[in-house]
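One structure is given below, encoded as structure tokens.
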Amino acid sequence: MTERLSDEQSAPGRGRLLVVVAVAAEAEAVLRGLAGPAPGAVGRLPLPGGELHRVTHPSGVTADVLAGGVGPAAAAAATATALAAHRYDLVVSAGIGGGFAPQAPVGATVLAGAIVAADLGAQTPDGFADVTELGFGTVRHTPAPAAVALAADALGAVTGTVLTVSTVTGGAERAAALTARHPDAVAEAMEGFGVAEAAARYGVPAFELRTVSNPVGPRDRAAWRIGEALAALERAFAALPCPEFLKEARRG
């Protein structure tokens, strides 16, 4: 059952969480996980260019889930639109993604210790230089370590750098180049940095949670396990200790 809500229809005093995913299948998995074993109605809130889906976590935390589109630009725009319209204590970029073997095999859950834009920069005679090295921007957001550790322990998650890319890696050469430049990388996806950039503009802490559907490297659709990754995403949000996670995130 889905009903239209106003922004006032949320659990008071327990905290508010925004989860931004790329596509509807990810949103549905997150909503199922957050709703818990006895799900109630999912509420809908209008948003320019889209719609928020609201559930109340069993702990009383209000969670809004937004399918913001694929890629960092769409994710940033959608996140900024939601943050302009509603107040949140925490933003999480979530969904499925590629994992760097052997640290993050297919089916693993990953929490970002750092959210890094891997291809934001320029090619130079000496190779790739990111915008920080070029002197006119940032490519990294660092979530609160204590909050990451708390959630990772609860979920049995791998932690490390999650790379945001505009083009998914499809070959061994690029995978090797990424791991050489980011030896602590555990996963790649397409939205995390955009979500984190928008959240930073509004002063809201941002995190990234991914479940692994495929290895980063040569593109092999037969090796993808999207259903498994979506099921893992649902389990991760069902196990997420929302009140404690929000509390640690607020502490920074």
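Just a few scattered comments:
- Rolling a 1.4 Å probe over the protein heavy atoms gives the stretch 50-184 an accessible area of 40 Å² per residue.
- Axis angle, to the nearest 10 degrees, between helix 192-201 and the longest C-alpha principal axis of the chain: 60 degrees.
- Accessible surface of the stretch 208-252 [probe 1.4 Å, protein heavy atoms]: carbon and sulfur percent: 50 percent
- Sequence-separation-based contact order of the chain, relative, with Cα cut under 8 Å and 6+ spacing, percent: 27 percent
- Judged by the ratio a/c of the largest to the smallest principal axis of the C-alpha gyration tensor, the stretch 87-159 counts as oblate, that ratio being 1.5 or greater while a/b is no larger than b/c.
- Percent RCO, i.e. relative contact order, over the stretch 87-147, from Cα pairs under 8 Å lying at least 6 residues apart: 27 percent
- Top of A104, A144, A27 by mean-square fluctuation, Gaussian network on the chain, Cα under 10 Å: A144
- For the chain: rounded, prolate or oblate by the Cα gyration tensor [a/c cutoff 1.5]: prolate
- Ranked from largest to smallest solvent-accessible area, with a 1.4 Å probe on the protein heavy atoms, E244, E188, E51 come out as E244, E51, E188.
- Peptides 118-124, 151-157 ordered by average Cβ neighbours within 10 Å, highest first: 151-157, 118-124
- Each semi-axis of the equivalent ellipsoid for the stretch 118-210 is √(5λ) with λ an eigenvalue of the Cα gyration tensor; in descending order they amount to 24, 18, 11 Å.
- Only helices enter the 222 nm calculation for the chain: every DSSP H run of n ≥ 4 contributes -39,500 (n - 2.57), and dividing by all residues gives -10000 deg cm²/dmol, rounded to 500.
- FRET efficiency for the pair A25 and F136, taken as 1/(1 + (r/R0)^6) with r the Cβ-Cβ distance and R0 = 41 Å, rounds to 0.65.
- Distance from the alpha carbon centroid of the stretch 134-174 to that of the stretch 59-110 works out to 12 angstrom.
- Folded to 0 to 90 degrees: helix 72-85 orientation relative to the chain principal axis, Cα: 30 degrees
- Ranked from largest to smallest solvent-accessible area, with a 1.4 Å probe on the protein heavy atoms, R44, R54 come out as R44, R54.
- Assuming charge only on the beta carbon of Lys and Arg (+1) and of Asp and Glu (-1), the dipole of the chain about its Cα centre is about 400 debye to the nearest 20.
- Cα gyration tensor shape for the stretch 30-116, rounded if a/c is under 1.5, else prolate or oblate: oblate
- The stretch between A101 and W224 holds 42.9 nm of extra length on full extension. This uses 0.36 nm per residue minus the Cα-Cα distance.
- Estimated inter-spin distance, A200 and A172, nm [label 7 Å along Cα→Cβ]: 3.6 nm
The values are calculated or read from the model by the stated rules, or taken from the named source; none is laboratory data. These numbers were taken from a predicted model, which means no experiment stands behind them. Ideal geometry is used to build each Cβ from the backbone, glycine not excepted, and the neighbour counts take in all protein chains shown. Please note that ligands, DNA and RNA were not included when accessible areas were found on the heavy atoms of the full protein model with its side chains. Shrake-Rupley method; radii C 1.70, N 1.55, O 1.52, S 1.80 Å.
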